[in-house]
Amino acid sequence: MISRRLGVGIALSLLLVGMGRAEVITLKGGQVLHADVLREYPEHIVVDLGFDLLSIPRQQIQAIEKEATATATAPAGEAQSTDDLYSTARLPVQSVKQLTERFGEGAALVSVPNALGSGFFISPAGHLITNFHVIEGETKIAVTVFRKAGGEFKREKFEEVDIVATNPFLDLALLRVNLPPSYAPVVTYLAAEDNVRDGDAVFAIGNPLGLERSVSQGIVGKRDRANEGVVYVQTTAQINPGNSGGPLFNTRGEVVGVINMKIMGGEGLGFAIPARYVVDFLRNREAFAYNAESSEAGYRYVQPPVRQNLETPAFLKSD
């Protein structure tokens, strides 16, 4: 049963319609709240009514939608694909164990002759995101997936991997793994909105130091840590070499960042490229199209013609 306090919150919150609140919360009893969701837990959510904080049991909630797009948002759990390869979904908050079971197969091991990293699938066609520095200077790339078979994982390695696009400045690379028809990758969802907050729970799946399918949990230490012109998500989730290119998930199972570096010698000081940068990279991937002539640019730069006359030009000769 909804508490009396919640009933009072409903009556007062209805007066806040149109004041810019972020979410529309529909309760099973028919009441509607317009409030900011501060925290989400498996059993309840905490909302800000503007004058008080309110805890609402999930069993009393019918739906949570963004106020500006409440009529256009897909129902909870339904995926929305885009023309830019990636997909989004409004998923319920779950435990790290539950989300790892669901999306763990979507994370892969990316290897080149002298190094290895991580990556994650974003499309059924085999498109995969990783870091540029994982594949930098390499054309022979392999992707290893871990397919669940009963209660065990089966390791499969695919060596036909194409480089689709690269962005060295943002340290992002888009690959396409040529998968057999019998294998449909587990697709991960990019966070549709940039709403990660300091203190939010997050977790990473990757291959630190070659330890495959490792999961580490932490929080967002700083949502907007600036470094050399790029803003990163700072996290306390433990990451190490080999995690590069792997996904950083929130408690909905959305990818909020791409792990790419840590401060060596420090603990709990990892960094991820925000999902909004990944979305922009994918939307403009033609501008970053990979060129075998130059792995660091999206275009081929024609070399100047060879000089035919090797004599010193007259204007450079001394009198």
Answer check: the range 167-223, Cα atoms, Kirkwood Rh, Rg/Rh ratio of 1.03
For the range 80-177, the Cα convex hull volume per residue in Å³ comes to 127
When Ile141, Ile259, Ile122 are arranged by how many other beta-carbons sit within 10 Å of their Cβ, fewest first, they go Ile141, Ile122, Ile259
Total charge of the residues flanking Asp280 in space, meaning their Cβ is under 15 Å from its Cβ, with Lys and Arg +1 and Asp and Glu -1, is -3
Quick note on Ser95, Ser87, ordering by fewest other C-beta atoms within 10 Å, gives Ser95, Ser87
Taking alpha-carbon centroids only, the range 93-120 lies from the range 248-287 a number of Å equal to 13
With no solvent term and unit scatterers on the alpha-carbon positions of the range 206-295, Debye gives log₁₀ I(q)/I(0) at q = 0.22 Å⁻¹ of -1.10
Neighbour-count ranking for Leu190, Leu209 (other C-beta within 10 angstrom, fewest to most) reads Leu209, Leu190
If each K or R counts +1 and each D or E counts -1, the residues other than Tyr189 whose Cβ falls under 10 Å of its Cβ total +1
Expressed in angstrom and ordered largest first, the alpha-carbon extents of the range 138-242 along the principal axes are 41, 34, 29
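Each value in this text was obtained by applying a stated rule to the coordinates, not by laboratory testing. Keep in mind the model is a prediction, meaning the values are calculated, not measured. Neighbour counts are summed over all protein chains in view; Cβ atoms, including those assigned to glycine, are modelled from backbone coordinates with ideal geometry.
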